[in-house]
1. Grab the strands (runs of 3 or more DSSP E) fully contained in region 101-187, keeping just those with 3 or more residues being free of Cβ contacts under 8 Å to residues at least 60 places away in the same chain.
2. Identify all residues within region 206-222 that are more than 14 Å from Thr185 (Cβ to Cβ), outside any loop (DSSP other than H, G, I, E, B) and not β-branched (Val, Ile, Thr); write none if there are none.
3. Please go through region 132-158 and pick out each residue that is modelled with pLDDT of 90 or more, among the β-branched types (Val, Ile, Thr) and more than 13 Å from Thr87 (Cα to Cα).
4. Quick one: which of Leu240, Leu246 is exposed (fewer than 14 other Cβ atoms within 10 Å of the Cβ), assigned to a helix (DSSP H, G or I) and at pLDDT below 95?
5. Please verify whether region 65-86 includes one or more residues that are part of a loop (DSSP other than H, G, I, E, B), touching a residue at least 40 places away in the same chain (Cβ under 8 Å) and of a type in the set (A, V, I, L, M).
6. How many of the residues making up region 183-217 are in contact with a helix residue (DSSP H, G or I) (Cβ under 8 Å, 6 or more places away or on another chain) and within 29 Å of Ser23 (Cα to Cα)?
7. For region 170-194, give me each residue that is in contact with a Leu (Cβ under 9 Å, 6 or more places away or on another chain), surrounded by fewer than 17 Cβ atoms within 10 Å (Cβ to Cβ) and closer than 9 Å to Glu243 by Cβ.
8. For the list (1) modelled with pLDDT of 80 or more; (2) in contact with a Ser or Thr (Cβ under 7 Å, 6 or more places away or on another chain); (3) buried (at least 17 other Cβ atoms within 10 Å of the Cβ); (4) over 18 Å from Lys146 (Cβ atoms), I need the number of the one condition that Val64 fails.
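The values are calculated or read from the model by the stated rules, or taken from the named source; none is laboratory data. These figures come from a predicted structure and were not determined experimentally. Virtual Cβ from ideal backbone geometry, glycine too; neighbours counted across all protein chains shown.
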Amino acid sequence: MKTFEDQPAELLFQTLRQIRQASKIEDIFDVVVEFAQNIDFDRLIICSIAPHGKEELIDEVFFVYGNWTDRTNIEERNKYLRNCPITRHIFDYDEPFFWTKTFNKNNSKETYRVIKNISERGEESGVQVPIFGRTGLEGAISFAGKLSDLGADFRFILQSVCVTAFREIQSKRSLNLLRENSVLTQREKEILKWTAVGRKQSEIAEILKISERTVENHLRSIRKKLEVKSTGQAIASALLKGEIDL
């Protein structure tokens, strides 16, 4: 993959193309990790944000990459990530904002703050990208590592990649949920899809190497499960519920 320093536009287009072509959520995570590495970040978090006013800012952590904390216990690590002080700034910005962390050796305390200039970098730095949707602030993608650019082009590329990745993740999560709650068997879905594209029962039977009576029985079962009277209604209901797609 291209790097930001070499060809920023090519890096953006290539990353967006790979995200949209990804068939699984895990593939999207891999693309975003590679993108992060190409802009000198070695850690990232993808999460949804809880409604404003809740004690925990992060609603659900979708993906974590890299060593964000020295806490080895998973529960302690997740608690740390969910209550990271820098995340509290997420409600104050509608575009990517940059942060830095310093460590006070005298009292062993970590201090986080938002920065505007590269010269303000501390021992550890990164960027957080808020993701907005129809309901307002919906999620965020955070990166940490070697922060070397705060320019407008860099922010634009970050926001474009993060918004696209988050939207695709949401879409695939919704689709996976529909599949988990599916009421039709795989064979019933096959038969209904062939019916939806205009194939006759005899043709479907030949394609699937089953009898016409079996096709008819499956269609009857489909109508019963979807609580409709006709096969046409079954097709419409299945499309609406995500049972089949055309």
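1. 109-115, 124-133
2. Initial filter on region 206-222 (more than 14 Å from Thr185 (Cβ to Cβ)): 206-207, 209, 211-213, 216.
Retained after the next criterion (residues that are outside any loop (DSSP other than H, G, I, E, B)): 206-207, 212-213, 216.
Residues satisfying the conditions are Glu206, Glu212, Arg213, Glu216.
3. Ile157
4. Within the list Leu240, Leu246, the selection yields Leu240.
5. The answer is no, given that none of the residues of region 65-86 is part of a loop (DSSP other than H, G, I, E, B), touching a residue at least 40 places away in the same chain (Cβ under 8 Å) and of a type in the set (A, V, I, L, M).
6. Here the count works out to 15.
7. Across region 170-194, the qualifying residue is only Val183.
8. Every listed condition holds for Val64 apart from (2).
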